[in-house]
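J.: Provided herewith is a single structure, encoded as structure tokens, for subsequent inquiry.
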Amino acid sequence: MGQSVGIKDVARAAGVSVGTVSNVINRPETVADETRSRVLAVIDRLGYVRSESARQLRAGRSRIMGLLVLDMGNPFFVDVARGAERAAREAGLGVMVCNSAQSASEEAEYLSLFAEQRVRGVLLTPAEATGRTVEQFRRHDIPFVLVDRVAEGATECSVSVDDVNGGALAVSHLVDAGHRRIAYVSGPPALNQVEDRRQGALRALDEAGLPATALRELPTDRLDVAAGRDAGARLLGLSARPTAVFCANDLLALGVLQSLYAAGVRVPEDVAIVGYDDIEFAAAAAVPLTSVRQPAVTMGALAAELLLDEIDAADHPGRRHEHRRVVLQPELVVRGSSLGPR
């Protein structure tokens, strides 16, 4: 493999100084037309590519925004990344997407990587329940925005969805359909989103005059299809089987649906199912899945815009950035998995 072409090679071939080549790349308006055309022709002929890492080292900052999510296997976070990438690209930044896999240790490693790479800012869905890793990251003085999580203080922005209301929408729909024994397949209890959706479910029961015991919780270690299948198997083993299931996300719901289908349990005639997120696969399931829709692309775009505003304020000392907590509202999308006579 041959050596890469450097800026000195371009300068030598074009018969100009290194400084002139740098100006053609970074400040083309300062270079005479004839000289600029000659240098650009040499760059094209030699295949020169600017060393972004060297430029970042000189400037002390990068053109990269970090995005750290809980699970890139979940289409919800893919949509969040799409929204963030779109906003970042319009601002001339790229996005480095990392996956904590719901692990506090991996979250800490990736945040350290972001600090080492001197990213301009970070969009973060925390996996560590106590916030310890986020507090450790704060000392690097890199701006960050919480995504799918409400900021508890006034030291950072956040963009989230009202998950309490989302849980209430799901369970109110099931109660209105006549269900009085409802399971909640909840996911890891340390996640705020899981607890908020449970609180919403309990609120809906209370408003309907039903006891909290009408909700049977089936916790899982993860928020994926395999965990949903396991929860479905446990559901089938209950003596007083619930007639409806509310799942903390759609992947869990799809797993429950697979488990029930394999056992010959009809959905929704025997057991109704409601998921959460309204991922693309929800409508395409064997029984189209009723789900609580989160505006994931909008969430990612808004979070990136808040981060870009904070970055711009840091670049211009006279500008002031105000931290904001944006809470979006969910929407219930009713499909075949919950439509059946009771």
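J.: Among the candidates 274, 267, 245, which residue alone is over 29 Å from residue 157 (Cβ atoms), outside any helix (DSSP H, G or I), in contact with a Cys (Cβ under 8 Å, 6 or more places away or on another chain) and touching a residue at least 60 places away in the same chain (Cβ under 8 Å)?
T.: After ruling out the rest, the residue left standing is 274.
J.: Right, next: Residues that are of a type in the set (Gly, Ala, Ser) and under 18 Å from residue 192 (Cβ atoms): does segment 115-124 have at least one?
T.: There is no residue in segment 115-124 that is of a type in the set (Gly, Ala, Ser) and under 18 Å from residue 192 (Cβ atoms).
J.: Counting only residues that are assigned to a helix (DSSP H, G or I), hydrophobic (A, V, I, L, M, F, W, C) and crowded, with 19+ Cβ neighbours inside 10 Å, how many does segment 84-138 have?
T.: The qualifying residues number 7.
J.: Still on this structure, I have one more. Given the conditions (1) modelled with pLDDT of 95 or more; (2) within 23 Å of residue 243 (Cα to Cα), report the number of the one that residue 283 does not fulfil.
T.: Status for residue 283: all satisfied but (1).
J.: If you don't mind, another one. Yes or no: segment 58-66 includes at least one residue that is modelled with pLDDT of 90 or more, in a helix (DSSP H, G or I) and open to solvent by less than 30 Å² (accessible area, probe 1.4 Å).
T.: No: segment 58-66 contains no residue that is modelled with pLDDT of 90 or more, in a helix (DSSP H, G or I) and open to solvent by less than 30 Å² (accessible area, probe 1.4 Å).
J.: If you don't mind, another one. Among the residues of segment 37-57, write down those that are modelled with pLDDT of 75 or more and either crowded, with 17+ Cβ neighbours inside 10 Å or among the hydrophobic types (A, V, I, L, M, F, W, C) (or both).
T.: The answer is 38, 39, 40, 41, 42, 43, 46, 48.
J.: Name every residue in segment 139-162 that is aliphatic (A, V, I, L, M) and open to solvent by 30 Å² or more (accessible area, probe 1.4 Å), in order of residue number.
T.: Scanning segment 139-162 gives 150, 154.
J.: Condition test on residue 180, is it crowded, with 22+ Cβ neighbours inside 10 Å and among the basic types (Lys, Arg)?
T.: Here the answer is no, as residue 180 does not meet what is asked.
J.: Six or more apart or on different chains, Cβ under 7 Å: which pairs go from a residue in segment 219-236 that's basic (Lys, Arg) to one that's open to solvent by 50 Å² or more (accessible area, probe 1.4 Å) and at pLDDT 95 or above? Could you list them?
T.: Short answer, once both residue conditions are applied: 229/258.
J.: Among (1) surrounded by fewer than 24 Cβ atoms within 10 Å (Cβ to Cβ); (2) within 30 Å of residue 86 (Cα to Cα), where does residue 236 come up short?
T.: (2)
J.: Related question: Residues of segment 285-342 being open to solvent by 30 Å² or more (accessible area, probe 1.4 Å), more than 21 Å from the chain's Cα centre (by Cα) and β-branched (Val, Ile, Thr), which ones?
T.: 287, 334
The values are calculated or read from the model by the stated rules, or taken from the named source; none is laboratory data. Because the structure is a prediction, the values reported are computed rather than measured. Virtual Cβ from ideal backbone geometry, glycine too; neighbours counted across all protein chains shown. Calculation scope for accessible area: heavy atoms of the full protein, side chains included, ligands and nucleic acids excluded. Shrake-Rupley method; radii C 1.70, N 1.55, O 1.52, S 1.80 Å.
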